[in-house]
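Computed from the coordinates by the stated procedures, all read-outs in this text should not be read as laboratory data. Since the structure is predicted, the reported quantities are computational estimates derived from the model, not experimental observations. Counting neighbours? That spans all protein chains shown, and the Cβs are built from the backbone with ideal geometry, glycine included.
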Amino acid sequence: MKSKKRTIGDFGEEIALKYLEKKGYQILDRNFLKHYGEIDIIAIKDDILTFVEVKTRKNDEFKPASLDVDYYKQERIKKTAQAYIMEKDLGEFLISFDVCEVYLENKTIHYIKNAFGD
């Protein structure tokens, strides 16, 4: 049985996925998993390969959800992205590491392009 936190996270990922598709992104993969990390959504638009971390919260009352993507989480995402690029032979693309904050109470999305990088 999935935890409530995981179920909310899955719901947020679905919302983020629809948001990206509306914005013209082509979804390449979801929940790409390696033993050192996972990437929620991998998409491409305008020849930019985008790795998206989705953070879902009830609200942003205490702090923005993106603050949970700390240095260590960023490093795991970057390492996982490198593995994806190697596996799929996608080295020719520019890359972007984005964060999508999904807030359920007020039904808002805050999308941060290039949230972190090299």
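Quick notes
- Its relative contact order, with pairs defined as Cα atoms under 8 Å and 6+ residues apart, puts region 4-116 at 26 percent.
- Seen against the Cα atoms of the chain and their longest principal axis, helix 71-88 is set at about 40 degrees.
- Diffusion coefficient, µm² s⁻¹, Stokes-Einstein with Kirkwood Rh over alpha-carbon pairs of region 52-118 at 37 °C and 0.692 mPa s: 253
- For the chain, built as a Gaussian network whose Cα springs stay under 10 Å, the top-fluctuating residue of Tyr19, Tyr103, Tyr72: Tyr72
- Less than 5 angstrom separates the built amide H of Asp29 from those of Ile42, all sequence-distant by 5 or more or on a different chain.
- Its alpha carbons give the chain an Rg and a Dmax of 13.8, 42 Å.
- Sites listed here are trypsin sites (Lys or Arg not before Pro) in region 60-118 whose DSSP assignment is loop and whose Cβ has at most 14 other Cβ atoms within 10 Å: Lys107.
- Taking 22 Å as the limit for the C-alpha separation, the pairs Lys73/Lys113; Lys79/Lys113; Lys58/Lys79; Lys78/Lys107; Lys45/Lys73; Lys55/Lys79 exceed it in the case of Lys58/Lys79; Lys78/Lys107; Lys45/Lys73.
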